[in-house]
Amino acid sequence: MKEALVFVGYLEEVFSECKNFDEFEIILIAEKQPQIKADIKLDKVFIVSDYTCKECISEVIDKINKEFKIRSIYANVEWAVNVCGYIRDKYNIEGIDEDTAILTRDKYKMKQRFHEGGIKTAEVSLLQEKEDARKFAEAYDFPVVVKPRNGSATVNTFLIKNESELDASLDRIGDALEKFIIESFNPGEEYHCDSIVVNGEVCFSSVGKYYTNCIDTVTTEKPVAAVIFPDTSNNHIVDKIKELNRKVIKVLGIKTSVCHLEVFENNGDLVVGEIASRLGGGPLIGRAIESAYGINMYKKFIELGLSEDLDVDISKHQYSGYVALPYKKGTIRKISQAEDFDEIKLDTIRINYKEGDVISQNRNTACRTGYAIVHGDSYDEVKDELIHIYTTFDLQMEEPKINLFSIF
């Protein structure tokens with residue numbers, strides 16, 4: 001019986017590597033039919049109503065098992081991490097189990113485990129009613145952060161600076177309050193650490209420093225951007241973050257997975273934000289790591305589900321970085337083209353929209369009109385190139401049409 005690799009959620013960068021695994025049936029489980037490029041290997045697509053629905057995913061797995069032997073199942077999106085753990089347990093498939101998956105998704109349980117393991121992180125509380133949030137803010141002072149307990153990126157995340165903002169956020173959340181948590185605010189500069197873990201040991205890790213903390217990019221015009229440090233940077237903060245990452249992996253009991261850790265640094269003191277057992281940053285972080293280290297995280301992600309004997313030899317030693325291109329809601333009147341940036345040390349620039357396209361989604365850290373990957377000889381050189389791209393990128397929107405009859 002032919003073996004199959006099953007992916008829950010569509011990530012083009014991962015499927016672009018599936019052509020290297022021609023001996024397997026490549027199967028996608030998605031909430032909607034994606035647009036698939038001609039050079040991508042994808043043999044079957046199953047549509048489900050909800051990535052978090054165990055019964056829906058199990059029904060699809062039963063159908064697949066009638067034709068193929070499932071070798072591995074992969075969570076390409078944050079929402080699928082828990083259900084993939086459940087499927088691995090139920091069908092005896094290798095990889096992260098459900099209990100460990102929950103610890104990397106449930107922000108409350110995650111931070112409780114951090115505290116138990118001696119890892120410095122934010123104070124956190126569940127929310128049953130509005131008064132819980134007010135008491136927490138009184139105990140730990142403003143600012144505070146209110147976010148989904150099982151959220152992704154910065155979707156529905158609120159940075160709250162006073163009582164009136166707290167009341168407004170709680171009113172906006174409404175009856176869904178029990179699905180949210182409240183945290184103390186982490187000051188300092190934000191970094192991410194992305195790693196490959198095999199049998200509980202980190203066999204590769206990379207550290208990037210955000211230009212602007214993620215939560216601040218939602219409420220400002222500042223870019224989602226970061227510089228990746230090479231293994232030759234000799235940066236003591238980077239070394240401390242890599243050591244902290246190893247401790248986090250151990251405390252959560254993560255055995256074999258790719259991981260994405262968020263860390264805050266304040267005068268040399270490190271505080272963990274959260275960790276995810278998935279690829280970080282969609283196309284951004286993985287491509288920047290490849291530029292800095294010569295390691296293809298998307299290919300390694302697939303290989304990790306097939307073998308514990310991974311080749312993670314570093315072939316590059318340079319600074320790199322990524323920037324998400326500007327994003328605004330509305331109809332695009334004018335947008336820059338890739339050739340506008342020919343003079344920059346670009347590895348990649350991808351623009352996903354064109355004039356006349358409509359952008360409807362509200363801004364969060366996962367939203368972008370495209371992205372660019374650059375490299376350079378120093379942290380400052382890469383950072384300056386990223387900001388130059390972002391500030392010179394031309395995105396103009398149509399003026400909203402006013403219905404004159406609606407104002408009378």
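Give segment 43-56 a look and list any residue that's touching a Phe, Trp or Tyr at 6+ places or on another chain (Cβ under 6 Å) and buried (at least 17 other Cβ atoms within 10 Å of the Cβ), or say none.
Correct list: Y51 only.
Kindly indicate the residue of segment 26-38 that is touching a residue at least 24 places away in the same chain (Cβ under 8 Å) and buried (at least 18 other Cβ atoms within 10 Å of the Cβ) and also farthest from W79 (Cα to Cα) among those meeting that condition.
I27
So, in segment 188-234, how many residues would count as being within 20 Å of V248 (Cα to Cα) and surrounded by fewer than 17 Cβ atoms within 10 Å (Cβ to Cβ)?
So the count comes out to 6.
Search segment 252-269 for residues being of a type in the set (S, T, N, Q) and under 20 Å from the mean Cα position of the chain (by Cα), and hand back the single one that is surrounded by the most Cβ atoms within 10 Å (Cβ to Cβ).
S257
Would you pick out the residues in segment 57-83 that are crowded, with 16+ Cβ neighbours inside 10 Å and more than 30 Å from E123 (Cβ to Cβ)?
Listed by number, the residues that qualify are I57, V60, I61, I64, F68, I70, R71, S72, I73, Y74, N76.
Tell me the strands (runs of 3 or more DSSP E) entirely within segment 175-251 that contain at least 3 residues that are among the hydroxyl-bearing types (S, T, Y) and under 19 Å from the mean Cα position of the chain (by Cα).
201-210
Residues that are aromatic (F, W, Y), at least 1 per element: which strands (runs of 3 or more DSSP E) completely within segment 288-404 meet that?
319-324, 370-376
How many of the residues in segment 1-25 are free of Cβ contacts under 8 Å to residues at least 40 places away in the same chain and buried (at least 21 other Cβ atoms within 10 Å of the Cβ)?
Residues meeting the conditions: 1.
Tell me, which residue of segment 367-397 that is touching a Pro at 6+ places or on another chain (Cβ under 9 Å) and among the hydroxyl-bearing types (S, T, Y) is surrounded by the fewest Cβ atoms within 10 Å (Cβ to Cβ)?
In this case the residue turns out to be T391.
Residue-wise test of (1) small (G, A, S); (2) under 30 Å from F229 (Cβ atoms); (3) at pLDDT below 95.
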residue	(1), (2), (3)
S320	yes, yes, no
P326	no, yes, yes
D340	no, yes, yes
I344	no, yes, yes
Y371	no, yes, no
D380	no, yes, no
D384	no, yes, no
I389	no, yes, no
K401	no, no, yes
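Could you grab me the full set of residues in segment 84-120 that are buried (at least 22 other Cβ atoms within 10 Å of the Cβ) and hydroxyl-bearing (S, T, Y)?
T104 - this is the single residue of segment 84-120 that is buried (at least 22 other Cβ atoms within 10 Å of the Cβ) and hydroxyl-bearing (S, T, Y).
What are the residue pairs meeting all of these: first residue in segment 148-159, first residue in the same structural domain as Y51 (by TED's automatic domain parsing), second residue among the aliphatic types (A, V, I, L, M), Cβ atoms under 6 Å, and 6 or more apart or on different chains?
Pairs found: none.
The values are calculated or read from the model by the stated rules, or taken from the named source; none is laboratory data. The shown structure was predicted, so the numbers you read here are calculated from the model rather than taken from an experiment. Here Cβ is always computed from backbone atoms with ideal geometry, including for glycine, and neighbour counts include all displayed protein chains.
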